[in-house]
Amino acid sequence: MFESKKVRTHWDCKKEQWLFSVIDVVEILTDSTIPKRYWSDLKKKLQAVGSEAYEKIVRLKMEAPDGRFRETDVADTQTLLRIIQSIPSPKAEPFKQWLAKTGYERIQEISDPGQSIERARGNWQKSCHRREFLTAI
């Protein structure tokens, strides 16, 4: 769920990864009345510039709003984030900012591995406090 709208997902047991409906994400981030057309145009642009994201899109039958199963384009998390970077929309901006922040942090960790350890320790401590809090409830 994103902004009370459902994004169809599928767990690929063989690859152990989630796949997401690209059309659903495009619809949410663009408010397009015809998200299929928006995605079709964006897909052509990605193909024209030789985007790796275009190459990684797969088709999968997913349940449509009418209850029938139809093939739709799906993407794994990494590919979906690349597609989101290509969407010029204010709603996509928080995702883009998060990606930039995460990329910056990762570059810092490569140059100073100690930062990676400290970040992991901080995240672990936060998760421990959350678990202790939830257990106490």
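Numbers below:
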| quantity | calculated |
| --- | --- |
| Breaking point among (1) within 22 Å of Ile23 (Cβ to Cβ); (2) free of Cβ contacts under 8 Å to residues at least 24 places away in the same chain, for Ser127 | (1) |
| Restricting segment 1-29 to residues that are buried (at least 19 other Cβ atoms within 10 Å of the Cβ) and touching a residue at least 60 places away in the same chain (Cβ under 8 Å), the residue that is farthest from Ala92 (Cα to Cα) | Phe20 |
| Restricting segment 83-137 to residues that are more than 30 Å from Pro35 (Cβ to Cβ) and either assigned by TED's automatic domain parsing to the domain that holds Phe20 or not in a helix (DSSP H, G or I) (or both), the residue that is modelled with the lowest pLDDT | Ile137 |
| Residues (acidic (Asp, Glu), closer than 15 Å to Ile23 by Cβ and in contact (Cβ under 8 Å) with a residue 40 or more places away in the chain) located in segment 52-97 | Glu63, Asp73 |
| Members of segment 73-82 found to be surrounded by 15 or more Cβ atoms within 10 Å (Cβ to Cβ) and either assigned to a helix (DSSP H, G or I) or within 13 Å of the chain's Cα centre (by Cα) (or both), listed by number | Val74, Ala75, Asp76, Thr79, Leu80, Leu81, Arg82 |
| Residues of segment 35-60 classified as in contact with an Asp or Glu (Cβ under 9 Å, 6 or more places away or on another chain) and exposed (fewer than 12 other Cβ atoms within 10 Å of the Cβ), total | 1 |
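The values are calculated or read from the model by the stated rules, or taken from the named source; none is laboratory data. None of the values given here were measured: they were computed from a predicted structure. Positions of Cβ are backbone-derived with ideal geometry, glycine not excepted, and every protein chain shown enters the neighbour counts.
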